[in-house]
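Below is one structure, written out as structure tokens; comments come after it.
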Amino acid sequence: MSPTDDNPRMLEDRFGPGVAETYDESVATMFDPETIEQTVAALARLAGSDAALEFAIGTGRVALPLAARGVQVSGIELSEAMVAQLRAKPGGADIPVVIGDMASARVSGSFGLVYLVFNTIGNLTTQEQQIACFANAAAHLRPGGCFVVEVGVPDLRRLPPGERHVVFYADDGRWGIDEYDTATQRLVSHHLHADGAGVRERAIPFRYVWPSELDLMARLAGMAREARWADWLGRPFGHDSTAHVSVWRKT
């Protein structure tokens with residue numbers, strides 16, 4: 001997603017029908033039952049008896065099993081095509097979803113939990129948008145509620161000096177190449193697929209963000225960090241962790 005020239009807060013929908021129809025298949029590993037169980041169990045504990053709001057709810061990978069546990073879930077999603085996929089699933093029609101971007105769209109009511117998973121904070125490609133996302137989360141939270149973000153740690157240690165590209169996948173006619181701009185914290189993830197018609201590419205822009213930077217964004221929004229784990233099981237976060245699940249509570 002990227003801002004337009006006229007409105008830095010207006011995001012571009014990069015998950016149209018062609019992407020949404022195959023999205024679940026393209027991230028099939030994230031639908032692993034064990035992965036879902038660990039994610040949903042942690043979120044359910046944090047929500048308790050309160051309602052939850054998912055930023056970028058997508059096709060309902062997390063929202064549907066969380067709702068099945070008895071948590072009242074609502075969502076915000078920029079892509080109408082992704083919401084159509086959610087609606088087609090059992091229980092998907094019962095989850096209220098506001099179409100809009102997670103940096104500014106509002107849902108009525110207040111929540112004990114707002115969460116944003118699977119590196120999606122990086123789809124906001126400017127620091128301004130990411131700060132606005134934290135402010136929007138805080139605006140939806142009741143006092144004492146928490147905001148949870150799951151995101152990878154920037155993997156710049158894999159980047160050789162003077163180079164900008166890292167191959168993260170290469171197999172069976174498919175390649176994944178991350179292109180870094182360390183001056184702007186911009187990252188473009190290139191996904192290439194070779195078939196009989198040639199080579200097709202999908203390029204997705206991101207802004208990578210450091211854990212300490214997220215803590216400052218939370219502080220600006222009136223939230224304080226309560227926990228940072230290496231994964232949804234709550235294992236300790238350390239210098240060699242490749243991702244983190246962070247919890248900030250509204251003060």
Taking the stretch 15-47 only, how many residues are open to solvent by less than 70 Å² (accessible area, probe 1.4 Å), charged (D, E, K, R) and part of a helix (DSSP H, G or I)?
1
Answer yes if at least one residue in the stretch 187-206 is touching a helix residue (DSSP H, G or I) at 6+ places or on another chain (Cβ under 7 Å) and under 30 Å from A44 (Cβ atoms), and no otherwise.
yes
Have a look at A183, A194, A170, A203 and point out the one that is over 28 Å from L116 (Cβ atoms), among the aliphatic types (A, V, I, L, M) and either touching a residue at least 12 places away in the same chain (Cβ under 8 Å) or assigned to a loop (DSSP other than H, G, I, E, B) (or both).
A194
Tally the residues that are over 25 Å from A81 (Cα atoms) and assigned to a helix (DSSP H, G or I), restricting the search to the stretch 100-133.
3
Determine which single condition Y115 fails, assuming it passes every other condition in (1) of a type in the set (F, W, Y); (2) surrounded by fewer than 19 Cβ atoms within 10 Å (Cβ to Cβ); (3) farther than 30 Å from E201 by Cα.
(2)
Can you pull out every residue in the stretch 28-38 that is over 16 Å from the mean Cα position of the chain (by Cα) and touching a residue at least 60 places away in the same chain (Cβ under 8 Å)?
Q38
Considering only residues that are open to solvent by 30 Å² or more (accessible area, probe 1.4 Å) and hydrophobic (A, V, I, L, M, F, W, C), look in the stretch 174-193 and name the one that is nearest to the chain's Cα centre (by Cα).
V188
Any residue in the stretch 39-58 that is among the acidic types (D, E) sitting within a Cβ distance under 6 Å of a residue that is open to solvent by less than 20 Å² (accessible area, probe 1.4 Å)? List the pairs, counting only those 6 or more apart or interchain.
D50/G112; E54/A63; E54/G75; E54/Y115
Looking at D50 and the list (1) modelled with pLDDT of 95 or more; (2) surrounded by 23 or more Cβ atoms within 10 Å (Cβ to Cβ); (3) in a loop (DSSP other than H, G, I, E, B), which single condition is not satisfied?
(2)
Could you list all residues from the stretch 77-99 that are of a type in the set (K, R) and outside any helix (DSSP H, G or I)?
K89
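The values are calculated or read from the model by the stated rules, or taken from the named source; none is laboratory data. Computed from a predicted model, the values in this text were never measured in an experiment. Neighbour counts are summed over all protein chains in view; Cβ atoms, including those assigned to glycine, are modelled from backbone coordinates with ideal geometry. The protein model used for the area step is the full one, side chains on, heavy atoms only, and it has no ligands, DNA or RNA in it. Shrake-Rupley method; radii C 1.70, N 1.55, O 1.52, S 1.80 Å.
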